[in-house]
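See below for the structure under consideration.
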Amino acid sequence: MKRKQFLKLSGFSTAALFFNRLNATPSSPGPSLHFPSKVSLWGGNQWLDFSGSKEHWTLKQLSVDLQHTDDGMSVQVHAPNVAIEKIRLSWDWPAPATGKYLGDAWERSYGDLSWDSGLPTQKAPWYLLINDGAQTHAFGVKTGARSFCSWQAGPGKLELFLDMHSGGFGVRLHDRVLHAAEIVTMQSTPGEDPFHTDARFCKLMCDKPRLPEKPVYGINDWYFAYGNNSKDLILQSTRAMAELAPATGNRPFSVIDDGWQTEDFSKPNEKFGDMSLVAAEIKKLGMRPGLWTRPLLANKNDKATSLTPDRGSGSERYLDPTLPENLQRIADIVRGYKQWGFDLVKHDYTTFDFFGRWGSQMKEEMSLPGWHFNDQTRTNAEILLELYNTIREAAGNMYIIGCNTVSHLSAGIFELYRIGDDTSGKEWARTLKMGVNTMAFRLPQHNAFYAVDGDCVGLTTQISWEKNKQWMQLLAESGAPLFISAQPEATGPEQKAYIKKCFDLASREQPIGQPLDWMTNPRPAKWRLNGREVEFNW
């Protein structure tokens, strides 16, 4: 069956303005996406309109070409001898007066996702869902886009913005044609709720997700050690928690977080010593070793010519990912982790180290203006895709968790993705904000883009067991990965018995959990887990 059939309409709605049936054929019976009514270029601090219609639009020597695909519409940009920053596609579209709107996040979410009533004031990264009370309409781009794409609904219009910066300047494509994005759309089928439309749309946006062979679960030391870790502490924790895992079958991971390394991420500090011996000990204890790293952080001895220009983000310095020698260095380091015997790599900070900003700070602009990488001929999205693919190739058969990576560019490359900002082993309010919110609104991406990692249960004496027990249950029964960061002093007989139960659940395939009150509650308390309704007391 053609994937275009996902777009099949079920009666007239506002979304029907995006479709026509003139291009339908017996072999491809679905509708085609309408061409935009206007195409504009951001230049000189103003929007300049292209001339043209339908497939071809021009502005001086620039051109934007649109073409129907099996799933939607491709956008190709040709801009010889011009630095190009942004393109905007506009459709005439009457927004529903009583509509609710849901967007995604550039990278991790920050406890800020929700269904909002009324026209949104901010752009929605990557895709936008609109519920008019009767149907849900979805507008997005395929994963792996070569530009940063966002949507905005306004009075009488819907707009798609394609950000083609390279660093803080417009990209210089020269005579190269950029396949900037592929637009896809969908609307709900009769009786389908918004959550399932969202999940179905995520599968349409990602053609080939790269997924773990078996469910991923285990432990991580960060939320009780916070970097004050050591070989002895890791092995102590691994030994205690391995006893709680199922005796046979899918084995859990023991992930060593920040604190193991020297300034050079290819060398361990004296607290850990030979990392191949640490990995071997973890395997002997019945777990699979994992390791945290930060690919773009430079050493103090790195020359300025190897670095990204300073963007006022602090005293740290960052490698320029457009330089082949830096990519080779990153590949060698990741390949070294595999040679040490690790089965998983969690790489962190690449969005911040790349742009000088967290995703939550990327409102109208991705980064500060006026700086560039060594290579100005590729967009930021293209440069990040090369970095991610470099890590992927070097990792071989190791699982990869992308943390603080760009979501839509990580899909299809990494098996797992940290979908939200840090939870906590110190403050329950932070876990509720960052953990519960991100699970509710990004679970539709689970096994569609990657396996979604909602972050750890910070099981410590500083957080109520009553609260952490519920958070653990949600992770264990949602179908998503479960990681526990367990302080020994907080892990008594009751906690161990419950961890054992949750490890058993997490080691097996589970139905994807569904938040039932997510359209009115940004931190949903009512969920459907394993076919039953559960209400949490957050």
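The values are calculated or read from the model by the stated rules, or taken from the named source; none is laboratory data. The shown structure was predicted, so the numbers you read here are calculated from the model rather than taken from an experiment. Every residue, glycine among them, receives a Cβ derived from its backbone with ideal geometry; neighbour counts consider all protein chains shown.
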Item to check | Odd one out for Ser315 among (1) polar (S, T, N, Q); (2) in a loop (DSSP other than H, G, I, E, B); (3) touching an Asp or Glu at 6+ places or on another chain (Cβ under 7 Å) | outcome: (3)
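A quick yes/no check of all residues on (1) in contact with an Asp or Glu (Cβ under 9 Å, 6 or more places away or on another chain); (2) among the basic types (Lys, Arg):
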site: Val345; (1), (2): no, no
site: Asp348; (1), (2): yes, no
site: Phe354; (1), (2): no, no
site: Ser367; (1), (2): no, no
site: Arg418; (1), (2): yes, yes
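What do you reckon, is Leu211 touching an Asp or Glu at 6+ places or on another chain (Cβ under 8 Å), of a type outside the set (Gly, Ala, Ser), in contact (Cβ under 8 Å) with a residue 12 or more places away in the chain and more than 15 Å from Ser74 (Cα to Cα)?
yes
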Next on the checklist: Just to confirm my filter: which strands (runs of 3 or more DSSP E) fall fully inside segment 50-102 and include at least 2 residues that are among the β-branched types (Val, Ile, Thr) and surrounded by fewer than 20 Cβ atoms within 10 Å (Cβ to Cβ)?
Outcome noted: none
Next on the checklist: I'm trying to understand the selection: among the residues of segment 122-143, which are in contact with a strand residue (DSSP E or B) (Cβ under 9 Å, 6 or more places away or on another chain) and not in a strand (DSSP E or B)?
Outcome noted: Gln122, Lys123, Trp126, Asp132, Gly133, Gln135, Lys142
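Yes/no per residue for (1) buried (at least 21 other Cβ atoms within 10 Å of the Cβ); (2) not in a loop (DSSP other than H, G, I, E, B):
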| position | (1), (2) |
| --- | --- |
| Phe354 | yes, yes |
| Ser360 | no, yes |
| Glu364 | no, no |
| Asn374 | no, no |
| Glu386 | no, yes |
| Glu393 | no, yes |
Checklist entry - Does Thr248 meet the test of being hydroxyl-bearing (Ser, Thr, Tyr) and surrounded by fewer than 22 Cβ atoms within 10 Å (Cβ to Cβ)? => result yes
Checklist entry - Within segment 209-231, can one find any residue that is of a type in the set (Ser, Thr, Tyr), farther than 30 Å from Trp371 by Cβ and in a loop (DSSP other than H, G, I, E, B)? => result yes
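Would you point out which residue out of Leu204, Leu211, Leu277 is farther than 25 Å from Val334 by Cβ and modelled with pLDDT of 95 or more?
Details: Leu211 fails: farther than 25 Å from Val334 by Cβ; Leu277 fails: farther than 25 Å from Val334 by Cβ.
It is Leu204.
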Checklist entry - Just one of Ser315, Ser360 is hydroxyl-bearing (Ser, Thr, Tyr), under 24 Å from the mean Cα position of the chain (by Cα) and over 30 Å from Ala245 (Cβ atoms); which is it? => result Ser360
Next on the checklist: Can you tell me how many residues within segment 497-519 are touching a residue at least 60 places away in the same chain (Cβ under 8 Å), more than 22 Å from Pro444 (Cα to Cα) and among the aliphatic types (A, V, I, L, M)?
Outcome noted: 1
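Given the residues Asp175, Asp193, Asp198, Asp221, which is the only one that is in the same structural domain as Phe253 (by TED's automatic domain parsing) and not aromatic (Phe, Trp, Tyr)? Lay out the reasoning, then the answer.
Values: Asp175 fails: in the same structural domain as Phe253 (by TED's automatic domain parsing); Asp193 fails: in the same structural domain as Phe253 (by TED's automatic domain parsing); Asp198 fails: in the same structural domain as Phe253 (by TED's automatic domain parsing).
After ruling out the rest, the residue left standing is Asp221.
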Checklist entry - Quick one: what pairs do we get from segment 245-272, first residue assigned by TED's automatic domain parsing to the domain that holds Thr293 and in contact (Cβ under 8 Å) with a residue 24 or more places away in the chain, second in a strand (DSSP E or B) and among the aliphatic types (A, V, I, L, M), C-beta under 6 Å, 6+ apart or different chains? => result Phe253/Leu344; Ser254/Ile219; Ile256/Leu291
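Let me confirm something: among Lys469, Lys500, which residue is out of contact with any helix residue (DSSP H, G or I) (no Cβ under 8 Å at 6 or more places or on another chain) and either within 15 Å of Pro215 (Cβ to Cβ) or among the basic types (Lys, Arg) (or both)? Outline the logic, then answer.
Working: Lys469 fails: out of contact with any helix residue (DSSP H, G or I) (no Cβ under 8 Å at 6 or more places or on another chain).
Sole residue among the options that is out of contact with any helix residue (DSSP H, G or I) (no Cβ under 8 Å at 6 or more places or on another chain) and either within 15 Å of Pro215 (Cβ to Cβ) or among the basic types (Lys, Arg) (or both): Lys500.
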Checklist entry - Has segment 426-443 got at least one residue that is crowded, with 21+ Cβ neighbours inside 10 Å and not in a helix (DSSP H, G or I)? => result no
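Check whether at least one residue in segment 276-288 is in a strand (DSSP E or B) and closer than 27 Å to Tyr498 by Cβ, and report yes or no.
Residues of segment 276-288 in a strand (DSSP E or B): 288.
Next, only the ones that are closer than 27 Å to Tyr498 by Cβ stay: 288.
Looking through segment 276-288, at least one residue is in a strand (DSSP E or B) and closer than 27 Å to Tyr498 by Cβ.
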